[in-house]
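Since every read-out is calculated from the coordinates, none of them should be taken as a lab result. Since the structure is predicted, the reported quantities are computational estimates derived from the model, not experimental observations. We place every Cβ from the backbone using ideal geometry, glycine too, and count neighbours over all the protein chains shown.
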Amino acid sequence: MPDDSPNSWEARADASSFYGFTDLPTVHDRGTIVLTHGKGPYVYDIAGREYLDANSGLWNMVAGFDHPGLIRAAQDQYARFPGYHAFFGRMSDQTVMLSEKLVEVSPFDRAKVFYTNSGSEANDTMVKMLWFLSRAEGKPERRKILTRENGYHGVTVVSASMTGKPYNSVFGLPLDGFIHLSCPHYWRFGKEGESEAQFTARMAQELEDTIHREGPDTIAGFFAEPVMGAGGVIPPSAGYFQAIQPVLRKYGIPLIADEVITGFGRTGNTWGCETYDFMPDAIISSKNLTAGFFPMGAVILGPDLADRLQSAAEEIEEFPHGFTASGHPVGCAIALKAIDVVMNEGLAENVRTLTPLFEEGMARLAENPNIGEWRGKGLMGALEAVADKETKRPFDGSLSVSERIANACTDQGLICRPLGQAVVLCPPFIFTPAHMDEMFGKLEKALNGVFAEVA
Ligand SMILES: *Cc1c(COP(=O)(O)O)cnc(C)c1O
């Protein structure tokens, strides 16, 4: 029960905050958890309660909540040069160094980087780049954007239009010209008797049919997360990217990898496109780019798009786009350190070491008769609750099963996230086997408790 005295932190939060992406009945019943600090993978609320954050904040705090090297990088850069823009032919030395680093660690031989403050803005920026290119190359009708159902690309007007979630209809979105293809989730959407290979072939056929229906010369780009994150941690069906990429290439449609979650180690490699063995035309990065220590996003353009955009911009003498804080020196200094910490201080290695333990724990919990499947890659995973394992029938929505599981976890000091009828886990890269045990132990108790009530 929330403390409902008028001066409680819960009441103060309610009185002054308009909540986003928050289940209001849960907040009314339980109160907002007001957090004060963190230590390693734990966060602490105003009453001193400890929570193991199995979601890395919002997928992004991969180095935990008190990494001394990242704190020092921020402090040092604030002391040296606390802010500057990247307009009018000026930019900070940190911005130059981060771009060089991103080009170096990208899968591209050559690349160019453009900065934003968030993943949404990075996707918006990429769409503007594609539209800019279409006009410059004399194909102004080439504007439509292809994404997938359940794909998550952000919340600005354009990135929300790209996002394939039904809640965007409350805003009258998507905008025209944003087309959502099927979600490549074989377990849920495979047809009776259809093999996974047939399912993948159907996805590629749907893409080609859609291109024909819309007109190949009207499509500016295709955006995909290597593993869908906020859609419920959905890895693609086997061979998916190998099946769709030739179709896109055939029609000259750029493939943009939205690596906001999968970038920098989450799936066991630096990039999700490495894990799934495909070469995108550009990469969208954010979230763990700064290990969550600074709001920042980046568009990393592969050689072809970089060259074409450069010529298009030369023609009119500038690319008229940018944010006041694009390439912020403190964000860049933090990102440089975060990349170093993840890639060279054993964090990426730890993801690979812990992955078998994570998979083992997930597989064990998935033996529960009310878990339909577990799915995931590297250190991101989901357990899908079902009323009937045989038929994959979900629970009645009014039971709010995944919210109840997440709340039962919170009560034990574990943060995990309900998403549809799934529970999502996305632990920080600094987890130890002991943290894994704590996470799975608490989650198992929560699952058993809730399923005993509803099943
Ligand atoms: C979170 C996310 C975004 C949006 O990033 P914001 O910083 O919240 O705007 C875009 N794409 C993916 C894949 C994400 O997970």
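Pairs exceeding 31 Å between alpha-carbon atoms, taken from LYS139/LYS337; LYS112/LYS139; LYS101/LYS128: LYS139/LYS337.
Arrange the following residues from fewest to most other Cβ atoms within 10 Å of their Cβ: TYR115, TYR186. Walk me through the intermediate numbers first.
Values: TYR115 28, TYR186 24.
Ascending Cβ contact count within 10 Å gives the list TYR186, TYR115.
Taken about its Cα centre, the chain carries a charge dipole of roughly 320 debye when the Cβ of each Lys and Arg holds +1 and the Cβ of each Asp and Glu holds -1. Within a straight-line Cα-Cα reach of under 18 Å, LYS250 can be paired with the following aspartates and glutamates, leaving aside sequence neighbours fewer than 8 residues apart in one chain: GLU206, GLU208, ASP209, GLU214, ASP217, ASP281, ASP304.
For a quick protection proxy, order the peptides 263-271, 426-434 by their average other-Cβ count within 10 Å, most packed first.
Numbers: 263-271: 24.9, 426-434: 20.3.
Averaged packing, sorted descending, gives the order 263-271, 426-434.
Think of the range 70-344 as having a plus end and a minus end, set by charges on the Cβ of Lys, Arg, Asp and Glu; of ASN168, ILE145, ALA313, ASN168 sits farthest toward the positive end of this dipole.
In terms of its alpha-carbon gyration tensor, the range 272-378 comes out prolate; a/c meets the 1.5 threshold, and the first ratio a/b outweighs b/c.
When the square roots of the Cα gyration tensor eigenvalues are ordered a ≥ b ≥ c, the ratio a/c for the range 1-126 is 1.5 or more and a/b exceeds b/c, which makes its shape prolate.
Listed by chain and number, the lysines whose C-alpha is less than 27 Å from the C-alpha of LYS191, apart from same-chain residues fewer than 8 away, are LYS165, LYS377, LYS389, LYS392.
Diffusion of the chain by Stokes-Einstein, at 37 °C in a medium of 0.692 mPa s and with Rh set to the Kirkwood radius over alpha-carbon pairs, works out to 143 µm²/s.
Give, as ranges by residue number, the residues of the range 43-79 whose backbone N falls under 16 Å from the point 7 Å along Cα→Cβ of SER8. Counting backbone N atoms under 16 Å from the label point, the list is 45-49.
Label separation (ASP437 vs PHE171): 4.5 nm, computed from points 7 Å beyond Cα along the C-beta direction.
A cut-off of 5 Å between modelled amide H atoms, ignoring neighbours fewer than 5 places along the same chain, links GLY151 with GLY164.
A Förster radius of 30 Å combined with the Cβ-Cβ distance from ILE46 to VAL454 puts the calculated FRET efficiency at roughly 0.45.
Counted residue by residue at 0.36 nm each, then reduced by the alpha carbon distance between them, the extension gain from ALA363 to SER195 reaches 58.3 nm.
Which of the three applies to the range 124-163, rounded, prolate or oblate, going by the alpha-carbon gyration tensor with a ≥ b ≥ c and a/c under 1.5 meaning rounded? Note, shape of the range 124-163 comes out prolate. Whole-Hz Karplus values for the range 208-217 come out as 5, 4, 5, 4, 5, 4, 7, x, x, 7 Hz, taken residue by residue from phi with 6.51 cos²θ - 1.76 cosθ + 1.60 and θ = phi - 60°; glycine and proline positions read x. Cβ crowding within 10 Å, taken as a proxy for footprinting-reagent exposure, orders TRP187, TRP9 from fewest neighbours to most as TRP187, TRP9.
What FRET efficiency would be calculated for the residue pair GLU315, ASP217, taking the C-beta separation as r and a Förster radius of 25 Å, to the nearest 0.05?
Details: r = 21 Å, r/R0 = 0.83.
In this case the efficiency is close to 0.75.
Close amide H partners of ASP388, meaning residues 5 or more places away or on another chain with modelled amide H under 5 Å apart, are ARG393.
FRET efficiency for the pair HIS28 and LYS445, taken as 1/(1 + (r/R0)^6) with r the Cβ-Cβ distance and R0 = 25 Å, rounds to 0.50.
In what sequence do LYS128, LYS144 fall when counting other Cβ within 10 Å, fewest first? Mind showing how you got there, number by number?
Values: LYS128 15, LYS144 21.
So the ranking, lowest neighbour count to highest, is LYS128, LYS144.
The simple spin-label model puts a point 7 Å past each Cα toward its Cβ; for GLU104 and ASP66 those points are separated by 3.1 nm. 3J(HN,Hα) along the range 371-385, derived from phi through the Karplus expression 6.51 cos²θ - 1.76 cosθ + 1.60 where θ = phi - 60°, amounts to 10, x, 7, 10, 8, x, 7, x, 9, 9, x, 9, 10, 9, 6 Hz, with x in place of Gly and Pro.
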